[in-house]
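What follows is a single structure, written as structure tokens, with notes after it.
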Amino acid sequence: MFNIDLWREIFQNIAKNKLRTILSGFTIAFAILLFTLLSGIGKGLMNNFTEQFASDAYNSIYIWSGKTSKPYKGLQSGRDIQFKNDDFRFILDEFDEELEMVSPRIQRYNVKAVYKAESYRYTIRAVYPSYQVLESAKMEAGRFLNMLDLEERRKVVAIGRLVAQDLFGVRNAIGKSISLDDISYRVIGVFNDPGGDNDERFIYMPFSTAQRLYGNTDHLDEFGLTYDPGYSSSKALSFGTKILKKLKAKHKISPRDQSGIRMFNYAMRNEQVNGMMIGLNVIILFIGIGTLIAGVIGIGNIMVYIVKERSKEIGIRKALGATPRSIVGMIMQESIFVTALAGYFGLLMGMFVLELIGSNLNDYGIVDPSVGTSVIVGATIILVLAGTIAGYVPAKQAARIKPIEALNDD
């Protein structure tokens, strides 16, 4: 029940002892300020990792061929492994139920692209239509490759946003023809990519078109695939190992050979990042709790002094009929109020500092540091608990004061 007289008394007591109130609140304010800054920086690091992951599907695996480093089954080391269309069909047949999608890829570097007077060099990727999922590419205009482009070996391309900007400026690129190493292609789409500028300087063409035009072979460079996004990290890693093992067996490569066929499984990076974030959160929590405990001890000691200072007053209250419960409530209410007020000041200061310096932290891998609703709610609960803990011992001490002893206290 709201007691206006009690609150008036608390405010009068605070106004009468400004310095004491400031000192008692400082440690809590500093603790919450530090906790807010650490939480914001942790969130900024997480944002950076999320941004890095946005360049590709998080449940993806990339496989490419290399050169063997160990002899195996009578075959010498140093063999060049060449993937072919047969390997693509092999993966489809062996792992169809576990795959979400798969695409082979041929990559050509430093290809000269020309449109009228504009000329630049880019990397070309020849892929299946499903490769759009792997790169998380979003169409700004037109469309990506489709299966008809692949079946008819059409000379069409989807270009990155920065490629379109270089070659066409503000003009519409869709339907225009560009020359790639003196071969004409029609632009069917312009995409953007959350991976950033580098990923927006690629040009995609149908996989079958590249095989016909560049060597007329069934050779390919690598595979990109995605698996069930519901897989745990351990299951995703196990799935990747199984694919690698079967491909090595198909190409007669030693199971211990690390260079004949190489693989990058995003689950490994997911696991590393998750481990790093757990460690970071533990550190933040440890420092935050440690600082908060110091603050609680500080305000608790000051509240003990307050109780001693007001012992005569408390004795008079008890002599006039105040119950121990009312004495405890009065002390704890003041403690919680001062703690909450100081803590929220620290929270607001922390948020202000993060807003002030946030853009300057990008160079250090901290992107958009901020505190979310969960942190604010958590801080509220922590502040109430801190005030309760800080005020409990002094309040119990006040409740035990005997009126006669308090009145005789000099």
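Residues considered: Y109, Y72, Y62, Y120. Of these, the only one that is hydroxyl-bearing (S, T, Y) and closer than 19 Å to V190 by Cα is Y120. The C-beta contact set for segment 161-180 (first residue without any contact (Cβ under 8 Å) to a residue 40 or more places away in the chain, second residue surrounded by 15 or more Cβ atoms within 10 Å (Cβ to Cβ) and in a loop (DSSP other than H, G, I, E, B), distance under 7 angstrom, 6+ apart or interchain) comprises A164/A173. Looking at segment 306-341, which of the residues that are among the hydroxyl-bearing types (S, T, Y) and modelled with pLDDT of 70 or more is farthest from G378 (Cα to Cα)? Residue satisfying both the conditions and the ranking: T323. Restricting attention to segment 190-206, the residues being assigned to a strand (DSSP E or B) and in contact with an Asp or Glu (Cβ under 7 Å, 6 or more places away or on another chain) number 4.
Taking the conditions exactly as written (more than 30 Å from the chain's Cα centre (by Cα) and at pLDDT 95 or above), does K116 satisfy them or not?
no
If you go through segment 37-50 and keep only what is at pLDDT 75 or above and either more than 15 Å from G290 (Cβ to Cβ) or within 11 Å of the chain's Cα centre (by Cα) (or both), you end up with G40, I41, G42, K43, G44, L45. Name the one entry in V187, V163 that is of a type in the set (V, I, T) and either outside any helix (DSSP H, G or I) or at pLDDT below 95 (or both). Selected residue: V187, the only one of V187, V163 that is of a type in the set (V, I, T) and either outside any helix (DSSP H, G or I) or at pLDDT below 95 (or both). Against the conditions (1) surrounded by 21 or more Cβ atoms within 10 Å (Cβ to Cβ); (2) within 30 Å of M268 (Cα to Cα), G195 satisfies every one except (1). Scoring K235 on the criteria (1) in contact (Cβ under 8 Å) with a residue 12 or more places away in the chain; (2) assigned to a helix (DSSP H, G or I) leaves a single failure, condition (1).
Each residue in segment 215-235 was checked for being within 31 Å of the chain's Cα centre (by Cα), surrounded by 13 or more Cβ atoms within 10 Å (Cβ to Cβ) and not β-branched (V, I, T), and 9 pass.
Among the residues of segment 380-387, not a single one is more than 20 Å from G290 (Cα to Cα), surrounded by fewer than 16 Cβ atoms within 10 Å (Cβ to Cβ) and modelled with pLDDT under 70. Taken together, the residues in segment 61-78 that are surrounded by 13 or more Cβ atoms within 10 Å (Cβ to Cβ) and closer than 30 Å to M101 by Cβ amount to 7.
Of the residues making up segment 65-94, those that are out of contact with any strand residue (DSSP E or B) (no Cβ under 8 Å at 6 or more places or on another chain) and more than 25 Å from T209 (Cα to Cα) number 10.
Among the residues of segment 243-262, is there at least one that is on the phi < 0 side of the Ramachandran plot, hydroxyl-bearing (S, T, Y) and in contact (Cβ under 8 Å) with a residue 60 or more places away in the chain? Checking segment 243-262: at least one residue is on the phi < 0 side of the Ramachandran plot, hydroxyl-bearing (S, T, Y) and in contact (Cβ under 8 Å) with a residue 60 or more places away in the chain. K70 fails exactly one of the following numbered conditions: (1) part of a loop (DSSP other than H, G, I, E, B); (2) without any contact (Cβ under 8 Å) to a residue 60 or more places away in the chain. What is the number of that condition? Among (1) part of a loop (DSSP other than H, G, I, E, B); (2) without any contact (Cβ under 8 Å) to a residue 60 or more places away in the chain, the lone unmet condition for K70 is (2).
The values are calculated or read from the model by the stated rules, or taken from the named source; none is laboratory data. Since the model is a prediction, treat every value here as computed from it, not as a measurement. All Cβ positions, glycine included, derive from the backbone under ideal geometry; neighbour counts span all protein chains shown.
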